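The values are calculated or read from the model by the stated rules, or taken from the named source; none is laboratory data. Quick caveat: nothing in here was measured; it's all calculated off a predicted structure. Here the Cβ positions follow ideal geometry from the backbone for every residue, glycine too, while neighbour counts run over all protein chains shown.
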Amino acid sequence: MTPASGGFAAAASKEGGIPVRERYEHFIGGAFSPPASGRYFSNHDPSTGEPFGAFARGDAVDVRRAVEDAAAGQSAWMAMRPAARGQVMLAIASRIRRDLDALAWLESLDSGKALWLSRLDVETCARYFEYFGGVADKILGEVIPASNEHLMYMVREPFGVTAHIIPWNAPITQAGRGAGPALAAGNAVVMKPAEETCVTTLELARICVEAGLPPGAFNVITGYGEEAGQALTSDAGIRKIAFTGSVETGRRVMKAAADRVVPVTVELGGKSPFVVFDDADLDSAASLARKAFVLNAGQICSAGTRLLVQRRCVPAFVERLTRELDKVRIGPGVEDPDIGPVVSEQQRQRVERYIEIGRAEGARLAYGGYRPADSRLRGGYYVAPTLFVDVANSMTIAQEEIFGPVGCVIPFGDEEEAVRIANDTQYGLAAGVWTRDVARSHRVAGRIQAGQVYVNDYQPIGVEAPFGGYKNSGYGREKGLEALHHYTQTKTIIVRTAPDGATAG
Ligand code: TXE
């Protein structure tokens, strides 16, 4: 347990609000429900390395039951007027906000995330329900003027039951990001959280039903990816799949979707460029660079991990960034540091492996590269913020997603070279451009291959802005009205209106 909290249950009950369960079951048909196999798996608190909680180990039998209940839940959901559905979603948003402290506390215990960030994530989850709840009665069709003898119109219909597989780096926001548009469009949801972080997804589903969502409209199956996840993507009742995770697993999910001819959207991470021209405000750029690759211990798909810096200002930028990194407080998530641990020992080893590879390939370690010395943190999965300089874009640490607080400074000469390096990656999720030259900011933003580009800022949070990848970062868009289209299918209805006996034109 966290040094300060004295145990998961003690910590959570200290915070009050949501009671901590010894054992977490699936959430199916509006109630917690044990796995058919009777099997559970246990989890670890990333801040201490100590075990906590047992979670239902789902399999194909549990998935089937959840999908059947979801089909019934979807019928009940669609039987409600669109405006009433929107009102339920707004009620969910206010319940989430009412329980914000308790949910954030649970999120920090479960994921190791700093409490302030968990609070932001819970608020963002509420925003998803609010934003998409607001459009539930505004999903419009079209009249198509193609003939004088027909009325032709197109309506948008839900798919039915949608599957959502989410990762561990932002569990409750990602749950809201998927469930919000899916429910607004009239679907029912079966969600599988990552095995490392199940708690808040389960509590969210419970809150949704308590706030008026029909039982069965939001189900959660916990378990391992290759067992519960795979069963979910292969289940015959699933009509659409949304996946967020690694490229490798994304490919597997896409193959499963192809086998069943089911539409799929995938968000698969990145290696985003953060481009600093020498006319930029270097103080702001260095401060936001810290946010770009250190926030959430670097476990953010849109993290700006490739710091492309114009050669002339590399020393000045690195000096400023180093000062920023000196300020980073690291500790157990619930103690509200700047960053907590990474999510698991496996993830820490992965990050440390990349740090070794960076050294071996000749990048110069300018900051960090070690585990924090504080003996209180010994049990948890901590990695100090780490900065490499003199990095070539061809190096492994510049090409592969590390998903830890590791940044690489890559020098460039001119704008042309900056754009070439920025695009020289398999990924294309996000990018930052730092310059005072307005024309250049638009020019470079236009040429970078990425789904979101920030100018003189990085990752300003917003549920309203479409988000998703170019290239191997995936396809389809989350967030914003754009996301809704991925949760509806169109039907065109053509009615002959010509009088009987008239020839159709
Ligand atoms: O990811 P996986 P992992 C990247 C990041 C990280 C790496 C590995 O670089 O270091 O991936 O993380 C479920 N069928 N990202 O191994 O396997 C799994 O249970 C169906 C980037 O945790 O992709 C979990 O719920 N589902 C990313 C989810 O997939 C399966 C966020 C993600 O796990 C499955 C997370 C299967 N066969 C990791 N196998 C981002 N885009 O933000 C696993 N899963």
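Numbers at a glance
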item	result
Residues of segment 455-502 satisfying the condition of being within 27 Å of Arg119 (Cβ to Cβ), in a loop (DSSP other than H, G, I, E, B) and in contact (Cβ under 8 Å) with a residue 40 or more places away in the chain	Asn456, Asp457, Tyr458, Gln459, Ile461, Val463, Glu464, Gly468, Arg477, Lys479
Selected residue (only one of Val199, Val190 is over 25 Å from Ala114 (Cβ atoms) and in contact (Cβ under 8 Å) with a residue 40 or more places away in the chain)	Val190
First in segment 390-417 and farther than 14 Å from Val309 by Cα and within 16 Å of the ligand (Cβ to nearest atom), second anywhere and hydrophobic (A, V, I, L, M, F, W, C) and part of a helix (DSSP H, G or I), Cβ under 6 Å, 6 or more apart	Thr396/Ile357; Ile402/Val351; Gly404/Val351; Pro405/Val294; Pro405/Ala297
Test: residue in segment 432-440 that is away from the ligand (no atom under 16 Å from the Cβ), buried (at least 20 other Cβ atoms within 10 Å of the Cβ), within 15 Å of Cys301 (Cα to Cα) and touching a residue at least 12 places away in the same chain (Cβ under 8 Å)	yes
Hey, Ser284 within 23 Å of the chain's Cα centre (by Cα), at negative phi, of a type in the set (S, T, N, Q) and modelled with pLDDT of 95 or more or not	no
Residues being part of a strand (DSSP E or B) and modelled with pLDDT under 95 - total across segment 50-93	3
Residue match in segment 305-316 (condition: within 16 Å of the ligand (Cβ to nearest atom) and either more than 30 Å from Ala194 (Cβ to Cβ) or in the same structural domain as Ile448 (by TED's automatic domain parsing) (or both))	yes
Single residue of segment 261-270 satisfying the filter (under 15 Å from the mean Cα position of the chain (by Cα) and either of a type in the set (D, E, K, R) or within 16 Å of Val189 (Cβ to Cβ) (or both)) that is farthest from the ligand (Cβ to nearest atom)	Thr265
Only one of Thr201, Thr244, Thr249, Thr233 that is under 23 Å from Phe52 (Cβ atoms) and among the hydroxyl-bearing types (Ser, Thr, Tyr)	Thr201
